[in-house]
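Heads up: the structure comes next, in structure tokens.
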Amino acid sequence: MSATPAGIAEAARLIKAGDVVAFPTETVYGLGADATNDNAVARIFAVKGRPSFNPLIVHVADIAQARRLARWTDLADKLAAQFWPGALTLVLERAADCPLSLLVSAGLSSVAIRLPAHGIASALITVAGRPIAAPSANASGAMSPTTAAHVAASLGDKVPLIVDGGPCKVGVESTVIDLTGDVPILLRPGGVALEDIEAALGRSIPSALDDEEHPKSPGMLARHYAPRSQLRLDALSAEAGETLLGFGPNTPAGTTNLSTTGNLEEAAANLFALLHRLDETATKIAVMPIPETGLGRAINDRLRRAAKRD
Ligand code: TXA
Ligand code: MG
């Protein structure tokens, strides 16, 4: 359904009735449900086939709403002031009188909260009048959707309504920062560059990803974002049987390119759409090297997980 006021009203009606709805955010499409309703949140897990130990991000319409759900901190204040609305998720302790379903936290005492920078997403949260829990709107383990067509292909028969807001601008999921401990920790690189967060806080932020044995974020399963095709990373050229996915001006002419100018924001925005497209025909995809800076960190994280074979 298109994102007219009537479309948003219908989506909000479904959310209030305890159903799930797919909607656009600036990062990727989300599969949303009323975050205060146990049955509605349980439906998200069922529709995605998501393991119940993996908690969900709760989306809010303003900072005041976030402050009612979680134990707010000075660091949260600083990061929200600078990066909200936007592609940054903050993990905080649940408030004492937190109205959220316990299922969104999957047994943890914390909750992940994000204020999205997308008109349709914030209109939906506002009209529904409640926080919306939403993971990416794909079957668990599959690539994230950056268009309504991706959602329809992955979950179409299981979702009563997909609000179509066109392609997502950022294209990779939000950066997740854990603020529950003594020091902030990066749980997932994403749409806000780590360097920008470090600059805002005036300190370096350790990454839970460096600790493979004990991932702090239950969602950081090694294999994830998986296309059907086999992926080979840091490829300088395609070998026999491979389709090349290029990056930057050194890419051979005629090759699908994440960004011809080597712009990492553009590459992030194109990442899932191009992987979805190549995956329709290729059996093996070779991806050219992407620098591990800025949004390159999120791109490489998704590519490394997609390349893992069990
Ligand atoms: O950009 C995004 O973040 C998108 C859009 C829809 O907002 N959402 C998204 O959700 O990517 P999902 O469920 O695919 O990823 C949420 C990540 C997972 O890695 C999960 O484990 C982590 O956030 N997470 C959620 N709650 C957490 C918590 N309380 N503690 C630690 N990690 C948490
Ligand atoms: Mg996901």
For the range 242-255, give me each residue that is within 17 Å of ARG277 (Cα to Cα) and in a loop (DSSP other than H, G, I, E, B).
PHE247, GLY254, THR255
Polar (S, T, N, Q) and assigned by TED's automatic domain parsing to the domain that holds THR27: is that true of SER207 in this structure?
no
Cβ-Cβ below 7 Å, separation at least six or inter-chain, first residue in the range 104-116 and without any contact (Cβ under 8 Å) to a residue 12 or more places away in the chain, second within 16 Å of ligand 2 (Cβ to nearest atom): which pairs?
none
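I'm checking my understanding of the structure. Among residues of the range 157-172 that are of a type outside the set (Gly, Ala, Ser) and out of contact with any strand residue (DSSP E or B) (no Cβ under 6 Å at 6 or more places or on another chain), which one is surrounded by the most Cβ atoms within 10 Å (Cβ to Cβ)? Show your work before the answer.
First, the residues of the range 157-172 that are of a type outside the set (Gly, Ala, Ser): 157-164, 167-170, 172.
Then keep just the ones that are out of contact with any strand residue (DSSP E or B) (no Cβ under 6 Å at 6 or more places or on another chain); that gives 157-158, 160, 167-170, 172.
Details: ASP157: 5, LYS158: 15, PRO160: 13, PRO167: 16, CYS168: 26, LYS169: 18, VAL170: 23, VAL172: 28.
Applying the filter and picking the extreme gives VAL172.
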Does ALA70 count as of a type in the set (A, V, I, L, M), open to solvent by less than 50 Å² (accessible area, probe 1.4 Å) and free of Cβ contacts under 8 Å to residues at least 40 places away in the same chain?
no
Checked the range 49-67 for anything modelled with pLDDT of 95 or more and either under 27 Å from ALA268 (Cβ atoms) or surrounded by 24 or more Cβ atoms within 10 Å (Cβ to Cβ) (or both); matches are PRO55, LEU56, ILE57, VAL58, HIS59, VAL60, ALA61, ASP62, ILE63, ALA66
Consider the range 1-18. How many of its residues are open to solvent by 40 Å² or more (accessible area, probe 1.4 Å), modelled with pLDDT of 95 or more and not aliphatic (A, V, I, L, M)?
3
For THR180: the one exception among (1) in contact with a Leu (Cβ under 8 Å, 6 or more places away or on another chain); (2) open to solvent by less than 30 Å² (accessible area, probe 1.4 Å):
(2)
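How many residues are within 14 Å of ligand 1 (Cβ to nearest atom) and more than 18 Å from VAL41 (Cα to Cα) if we restrict to the range 135-163? I'd like the intermediate steps shown before the answer.
Filtering the range 135-163 for residues within 14 Å of ligand 1 (Cβ to nearest atom) gives 135-148, 150-151, 154-155, 159, 162-163.
Next, only the ones that are more than 18 Å from VAL41 (Cα to Cα) stay: 141-148, 150-151, 154, 163.
The total comes to 12.
Can you find even one residue in the range 114-123 that is part of a loop (DSSP other than H, G, I, E, B) and under 17 Å from VAL21 (Cβ atoms)? Don't jump to the end; show me each part of the working.
Step one: filter the range 114-123 for residues part of a loop (DSSP other than H, G, I, E, B), giving 115-118.
Filter once more, so that each one left must be under 17 Å from VAL21 (Cβ atoms): 116, 118.
The answer is yes; a qualifying residue exists.
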Please find, within the range 256-295, the residue that is most open to solvent (accessible area, probe 1.4 Å) out of those that are part of a loop (DSSP other than H, G, I, E, B) and at pLDDT below 95.
GLU280
Can you tell me which residues in the range 24-44 are among the charged types (D, E, K, R), away from ligand 1 (no atom under 14 Å from the Cβ) and surrounded by fewer than 24 Cβ atoms within 10 Å (Cβ to Cβ)?
ASP38, ARG43
Quick check: is even one residue across the range 128-140 outside the structural domain of LEU278 (by TED's automatic domain parsing) and in contact with a Pro (Cβ under 6 Å, 6 or more places away or on another chain)?
yes
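The values are calculated or read from the model by the stated rules, or taken from the named source; none is laboratory data. Please read these numbers as outputs of a predicted model, since none were measured by experiment. Note that we place each Cβ from the backbone using ideal geometry, even for glycine, and neighbour counts take in every protein chain shown. Quick note on the areas: whole protein, heavy atoms, side chains included, nothing else; ligands and nucleic acids left out. Shrake-Rupley method; radii C 1.70, N 1.55, O 1.52, S 1.80 Å.
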